[in-house]
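Novice: Before we start, here is the structure in question, set down as structure tokens.
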Amino acid sequence: KIKNYNNEIIKLEKLIPKEFAEKNKKYKELYNDYRKSLNAYYNSVDDSYNNFKQIKKNLQDLEKLKAQQDNLKQSINDIKNNALDKGSKSLNEVMERLDKVSGTNEIKDLIYNVISDIQKGNVDRQASNQKLNEILNLFNKEINWREKPVKVLLPQLEKYDELIRDTIGIRQQDKLPNKQALSIAQCESNHHNISLHF
């Protein structure tokens, strides 16, 4: 039986065109170039859309940011007036609320540093006040840069997003639109010739 299989293998090997190895090598090179180009395109488009979404989200979260302004000022005043426990506790609450506000990582990092210093008992008044002022300045800058674009730019960004969401933004959506999902399902259900990959 093994001899029969060996004979079958020999017959099949004779059917392979002599130029197969060379053509297969060329195919693999072309396919690798294609995959690299496709991945570069995906990365470029995905990064562009993600940056666009980030800017839009930063603007949309302006009111959430403003809602923390009074709490932040009060926390800072408490700490400056030596009510360290009260101030650090309320500052921590502000930091937790800022977790839900886009584009506030730098502010949260500074807040975390101040809270950490207080918890460790490393409160250098001058350095602490400098950090607190830096937090407040950065917070105000975040509000200021967002205010005008929210009125002027945000409505346009939302319209633009409606236009590009299902094209260049499609890979970043939580759920595919029904039309695209059906099209992809139909395409993927077709037989693919993978013989060239061997």
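Read-outs throughout are calculated quantities, based only on the coordinates presented, and are distinct from any laboratory measurement. Note that the coordinates shown come from a computational prediction; the quantities given were computed from them, not determined experimentally. Cβ coordinates were reconstructed from backbone atoms using ideal geometry, including for glycine residues, and neighbour counts include every protein chain displayed.
Novice: Show me, for the stretch 78-87, the HN-Hα J-couplings you get by feeding each phi into the Karplus relation (A = 6.51, B = -1.76, C = 1.60, θ = phi - 60°), rounded to Hz, glycine and proline as x.
Specialist: Taking θ as phi minus 60°, the curve returns 4, 5, 5, 9, 6, 8, 5, 5, 4, x Hz for the stretch 78-87.
Novice: Something else about it: Angle check, please: helix 2-15 long axis (alpha carbons) against the longest principal axis of the chain (alpha carbons), in degrees 0 to 90, nearest 10.
Specialist: The angle comes out at about 80 degrees.
Novice: Can I ask one more? What are the ³J(HN,Hα) couplings of the stretch 161-176, residue after residue, when phi is run through the Karplus curve with 6.51, -1.76, 1.60 and θ = phi - 60°? Round to Hz, x for glycine and proline.
Specialist: Each residue's phi maps through the Karplus curve to give 4, 4, 6, 9, 3, 8, 10, 5, x, 4, 6, 9, 7, 5, 9, 6 Hz.
Novice: Note down the nm distance, to one decimal, between modelled labels 7 Å out along Cα→Cβ at Arg125 and at Lys14.
Specialist: 10.0 nm
Novice: In whole Hz and in residue order, list the ³J(HN,Hα) couplings for the stretch 146-155 that follow from phi through the Karplus curve 6.51 cos²θ - 1.76 cosθ + 1.60, θ = phi - 60°; x for Gly and Pro.
Specialist: 7, 4, 5, x, 4, 6, 8, 8, 4, x
Novice: Using all alpha carbons of the chain, what is the percent of pairwise distances in each 10 Å bin, ordered from the shortest bin to the longest?
Specialist: Using 10 Å bins, I get a P(r) of 7, 21, 18, 15, 13, 10, 8, 6, 3, 0 for the chain.
Novice: For the stretch 18-69, report the translational diffusion coefficient in µm²/s to the nearest whole number, using Stokes-Einstein at 25 °C, 0.890 mPa s, and a Kirkwood Rh over Cα pairs.
Specialist: Using the Kirkwood radius from Cα pairs, D works out to 168 µm²/s.
Novice: Could you pull the Rg and Dmax for the stretch 1-117, using just the Cα atoms, both in Å?
Specialist: 31.5, 94
Novice: Over the Cα atoms, compute the radius of gyration (one decimal) and Dmax (the largest Cα-Cα distance, rounded to a whole number) for the stretch 50-105, in Å.
Specialist: Considering the stretch 50-105 through its Cα atoms, Rg and Dmax are 13.4, 43 Å.
Novice: Taking 10 °C and 1.306 mPa s as the conditions, I'd like the Stokes-Einstein D for the stretch 91-133 in µm²/s, using the Kirkwood hydrodynamic radius from alpha carbon pairs.
Specialist: The calculation lands on 147 µm²/s.
Novice: Let me know the shape class of the stretch 121-171, please: from the alpha-carbon gyration tensor, a ≥ b ≥ c as square roots of the eigenvalues, rounded when a/c is under 1.5, otherwise prolate if a/b is greater than b/c, or oblate.
Specialist: oblate
Novice: Just need log10 I(q)/I(0) for the stretch 62-155 at q = 0.11, 0.12, 0.14, 0.18 Å⁻¹, Debye formula, equal scatterers on the alpha-carbon atoms, no solvent, rounded to two decimals.
Specialist: Debye output, listed in q order: -0.31, -0.36, -0.48, -0.75.
Novice: Please compute the modelled spin-label separation between Leu30 and Cys187, points set 7 Å along Cα→Cβ, answer in nm with one decimal.
Specialist: In this crude spin-label approximation the distance works out to 2.0 nm.
Novice: Considering the Cα positions of the stretch 1-45, please state its Rg to one decimal place and its Dmax as a whole number of Å.
Specialist: 18.5, 57
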